[in-house]
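Engineer: Sharing a structure below in structure tokens format, with a few things to ask.
The values are calculated or read from the model by the stated rules, or taken from the named source; none is laboratory data. Predicted model only: the values in this text are computed from it and were never measured. Neighbour counts are summed over all protein chains in view; Cβ atoms, including those assigned to glycine, are modelled from backbone coordinates with ideal geometry.
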Amino acid sequence: MSRTMRIGLMLTFIVLQVITTGCWGHREIEDQSVYIGLGLDVGSPSKFEQEANEQGGHYPKMNTVTVTVQIAPAGSSQKQGGQGSPSSGSQGGSYQNQQLTGDSILQVFRQFALRNEPPLVGLHLKVVVVSSELAKQYGMGQIFDFIFRDNDIRESCLVMISHGKASEVLNSQHPGEIPAFRLRDAHRNRYRNQKILPPVTLVMLENNVRSKSSFMLQNIVSAEGEQYLSGAAIIKGETNKWVGELSEAEVEGLSWITEKKLGGVVKTYTIDGRAITYEIKNASAKVVPIVSGDDISFQIKISSEGRLIEDWSQPDITPQQTTVLQKLEEKFEEQARKQLGQALYKLQNVYHTDAAGFGEQIRISHPKVWKKVKDNWDDIFSHVPISYDIKMTIIDYGSSKE
Amino acid sequence: MFYIPKWSVFVQSTLVILIPILFVWVSRRLRDSIRSVFSLHLDKSKNVKRESSLSEISGTGQYDQDLQMLQESMAHNADVHFREFTIRGTSCRAVVVYVEGLANSNLIDSHLIAPLMREGVPEADREDFEQSSESIQAYLESHLLTVSHLRWGEKLQPFVQGVLNGSSGLLIEGMKGFFLVGMAKGKSRNVEDPISEALLRGPRIGFTERIGENMGLLRMHGKDEGMVMKKYEVGTRVKKELVLIYMKDIANQELINEIDSRIRRMAIDDPMDSGYIEQLIEDSTLSPFQQLQNTERPDRVIGAILEGRAAILLDGTPFALIMPVTFSMLLQSPEDYYERWISGSFVRLLRFSAAFLALWAPSLYISFISYHSGMIPTSLALSIVESRQGLPFPSIIEAFIMELSIEILREAGIRLPKPIGPAMGIVGGLIIGDAAVNAGIVSPFLIIVVAVTAISSFTIPVYSAGITLRILRFTAMIFAGIFGLYGVIMFFLLICSHLVKLRSFGIPYLSPLVPYRFRDWKDYVIRSPLKILKQRPAMLNPRDKDRRTN
């Protein structure tokens, strides 16, 4: 064999090494259905399923959960039809909602393959919405088991509870808007309104579920095809089930101790029933657990500075006099105290759960005590005396002149 | 009980051992075979000396016989002219032999023929003059030939070669040898702005095709008596002048010896361009990276030899070679030093990141689109999905189509006449790109990637380094198409391991990164202020380490 032939053969073998290997992991991005939102409801087969069922399209299952996936963009149908209406499940917009019912979320996902061509890919899942009905029946650990295990879904995905049906929350009336993105971005408004809870991601949820501690999730209601963040859903640690809701005002009251940075307002009324408003500029809260023997109690100290920003009273309050100012401050303090007290009352006496993280304070400052009480902390918490003191200072009156 | 793994584990582990060994063996065989094909050494067994009929003949001193001999050896060339005349005041006949178009006719007219025919030998000196062959030679040298460049020889062969190279030959009755007068005055062009390495700031001088002028340019630039210009004659058939330039008191002697020995071992019939020299004396023939840097700029050469490097000039090409080369040099431009250090460093950083883009952007695109859609930010992923709906090809084919057409456009752009070039660029770049998107062959996102890649690769100041990156880019794209990001990373490691092993004239190619020499980092990605750059790069091991001493 000549030298050139030998070199040629060697090169051929090297090239063969490359070209005989297949592109096995190869999945083009446009050949996948990217679902960005996931809604979990109590099982109720959709019209499509019922019709399919009548024609024999079914497999052995229980109707435990109805899974709604939000796929964006709406798929090839939209590209061809221009601005035409997307297929079943959604009412306009660049997304597409699809529903199937079953008793295993993964099986339902695989069942989607019978319906639309590209396989579902969870890499970009942003929001999981669980309806309160479902969360009442099943523990969060059960509902989220697959989602925790699945390695496509990112841990940064947010979790929320819908008051009504989760599939309705994932709808939007506004064309071109994707509801899942709206829900994901909602918590960014927290610096404007403290009625919004801090976001809970899958990691945090799993943490809470595994440690059997109680926690709050953002509650969403939907009205006229639009989402509205309203209050909080409370998940009891023992069962990991939904036990109730806190109203907006109660969430606002609790936010004094749960949030690090506040950006809300406090509104109260003057004696003659006119609204006056205090804008919180900064606030700091300290929850001090006091343990003496077996008795545990909490002392909450809150201090805040802010400005008097709105005043409907007639004539205007002249804040030059310190006595007037003090009176106003007392008014605001009273309002804030009322809100906080109401929230704490509900947690302690109605739901008997510590969803506001008091246990965490004990765990940090008295780890030995925490070991003893942690197994039935929710019960103990229900009877723990909590005292709170709020100090608010008005430091300016905005830029308006006399 | 011991745990004995399944047979497949054993097979896998054997493969893991065998494949690298096989790979090393194959590459070694390949390298050896290439080395033996393009050997630096002359094959001893085939070393047949060219027989020359002229080599042993020398001038006889008999005018008619010598003249006849010259005519026999040269007169068949149409461009060789013989001008016969008689020296005034004597009866000596003389003949001037020259090549038309190459010899300096001014010199022949006014400094050869004019003094000999008009002034000649005065009455008083006639006897001295006609005494012997030596006296004629001495008298001509001291009284009549008013030229600086004068050579004397008795052998015929160097004379014929000299005449054919452009000198004027002079044969005089009674003289036993030949004069070679002056040098070739072939056509040359003006000193111009270097086309391939244009700068905004800095000298606008580029080398020309004449080695004498180029040496002059260097002398003009670096007025230092330490600059050594060592002359070699290369080419086995066509002799060419090659000059090795370095700073006597800076350059490391071992480096100079190595270059010297490589130049001496080089064997080729005619080195047409310095590219021939580069390919004949480089370390690794299989490497895609250049190990000598070519430049048209005298300031670049001076800068390099002041760092302790060496340069090679070859007659007949405007491209000088600088060696040894390190990777960072290919991304540095003289302008970095002419501008202030902040802007110089910024531009240099920009160039490094552009080089990164030029190499990796398309392969990253392919692996993100085809394998790792989860790594694209969601909103971007959604718009990519939308823009890629209904595309017929997977991203690897798509990227290859566009990258290849860009390369074709670039290659075509070099050949096109100047007035058409820009128009062609617009047609190619804008119209084809736009039409390809509209026709649904490629996605608009890819057009951005390809355009950014193409523009980035133009920022690399050394053109041949740009070619290297382009070749590697295609390989990276294949890897990305087969293995995704995993393949890209493997290819990156492959390049890294190659670069770490590569040496240019004994200097590690990646220095000062590997081996790690933090002191030299002052002039690497960041160009520190000149006041800090007091030392010459230590990787070259210069004799004089301090830039400030004289």
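Engineer: Tell me which residues, restricted to the range B:204-252, are assigned to a strand (DSSP E or B) and out of contact with any helix residue (DSSP H, G or I) (no Cβ under 8 Å at 6 or more places or on another chain).
Structural biologist: Residues satisfying the conditions are B:228, B:231, B:233, B:240.
Engineer: Another one. Of the numbered conditions (1) out of contact with any Asp or Glu (no Cβ under 7 Å at 6 or more places or on another chain); (2) under 18 Å from residue B:116 (Cα atoms), residue B:171 satisfies every one except a single condition; which is it?
Structural biologist: Exception for residue B:171: condition (1).
Engineer: Just to be sure I understand the filter: pairs with C-beta atoms under 7 Å, separated by 6 or more residues or on different chains, first member in the range B:255-283 and in the same structural domain as residue B:307 (by TED's automatic domain parsing) and in contact (Cβ under 8 Å) with a residue 24 or more places away in the chain, second member surrounded by fewer than 17 Cβ atoms within 10 Å (Cβ to Cβ) and small (Gly, Ala, Ser). Which pairs pass?
Structural biologist: Close Cβ pairs satisfying both conditions: B:255/B:506; B:258/B:506.
Engineer: Now for a different question. Is one or more of the residues making up the range B:378-393 at positive phi and either at pLDDT 90 or above or not basic (Lys, Arg) (or both)?
Structural biologist: Within the range B:378-393 (the criterion being at positive phi and either at pLDDT 90 or above or not basic (Lys, Arg) (or both)), the answer is yes, since at least one residue qualifies.
Engineer: Under 9 Å between Cβ atoms, which residue pairs at least 6 apart in sequence (or on different chains) link something in the range A:193-204 that is closer than 19 Å to residue A:227 by Cα with a partner that is surrounded by 15 or more Cβ atoms within 10 Å (Cβ to Cβ) and of a type in the set (Ser, Thr, Tyr)?
Structural biologist: As it stands, the answer is A:194/A:255; A:195/A:230; A:195/A:255; A:196/A:255; A:197/A:255; A:197/A:258; A:198/A:258, since those pairs meet every condition given.
Engineer: Further, regarding this structure: Go through the range B:471-515 and count every residue that is closer than 22 Å to residue B:283 by Cα and among the hydroxyl-bearing types (Ser, Thr, Tyr).
Structural biologist: Total meeting the criteria: 4.
Engineer: So residue B:107 passes all but one of these: (1) within 48 Å of the chain's Cα centre (by Cα); (2) closer than 21 Å to residue B:173 by Cα. Which condition number does it fail?
Structural biologist: (2)
Engineer: Further, regarding this structure: I'm checking my understanding of the structure. Among residues of the range A:52-76 that are part of a loop (DSSP other than H, G, I, E, B) and surrounded by 13 or more Cβ atoms within 10 Å (Cβ to Cβ), which one is modelled with the lowest pLDDT?
Structural biologist: Among them, the one singled out is A:75.
Engineer: Hey, could you check the range B:139-172 for residues that are among the polar types (S, T, N, Q) and closer than 19 Å to residue B:63 by Cα and say which is surrounded by the fewest Cβ atoms within 10 Å (Cβ to Cβ)?
Structural biologist: B:157
Engineer: Let me ask something else about it. Restricting the search to the range B:366-410, which residues are closer than 11 Å to residue A:29 by Cα and more than 9 Å from every other protein chain (Cβ to nearest Cβ)?
Structural biologist: B:366, B:367
Engineer: Right, next: Quick one: is residue B:33 within 14 Å of chain A (Cβ to nearest Cβ) and either within 30 Å of residue B:160 (Cα to Cα) or at pLDDT below 85 (or both)?
Structural biologist: Yes.
Engineer: Being out of contact with any helix residue (DSSP H, G or I) (no Cβ under 6 Å at 6 or more places or on another chain) and among the hydroxyl-bearing types (Ser, Thr, Tyr) is the filter here, so list the residues in the range A:268-311 that pass it.
Structural biologist: A:269, A:270, A:277, A:284, A:292, A:297, A:303, A:304 - these are the residues of the range A:268-311 that are out of contact with any helix residue (DSSP H, G or I) (no Cβ under 6 Å at 6 or more places or on another chain) and among the hydroxyl-bearing types (Ser, Thr, Tyr).
Engineer: Now for a separate question. Hey, residue B:77 hits all of (1) of a type outside the set (Lys, Arg); (2) assigned by TED's automatic domain parsing to the domain that holds residue B:158; (3) surrounded by 13 or more Cβ atoms within 10 Å (Cβ to Cβ) but one; which does it fall short on?
Structural biologist: All conditions are met except number (3).
Engineer: Pairs needed: first member in the range A:320-343, without any contact (Cβ under 8 Å) to a residue 60 or more places away in the chain and farther than 26 Å from residue A:385 by Cα; second member anywhere, buried (at least 17 other Cβ atoms within 10 Å of the Cβ) and of a type outside the set (Gly, Ala, Ser); C-beta distance under 8 Å; at least 6 residues apart or different chains.
Structural biologist: Sorted first by the residue in the range A:320-343, then by its partner, the pairs are A:324/A:317.
Engineer: Residues in the range B:478-485: is at least one touching a Lys or Arg at 6+ places or on another chain (Cβ under 8 Å) and outside the structural domain of residue B:260 (by TED's automatic domain parsing)?
Structural biologist: Checking the range B:478-485: not a single residue is touching a Lys or Arg at 6+ places or on another chain (Cβ under 8 Å) and outside the structural domain of residue B:260 (by TED's automatic domain parsing).
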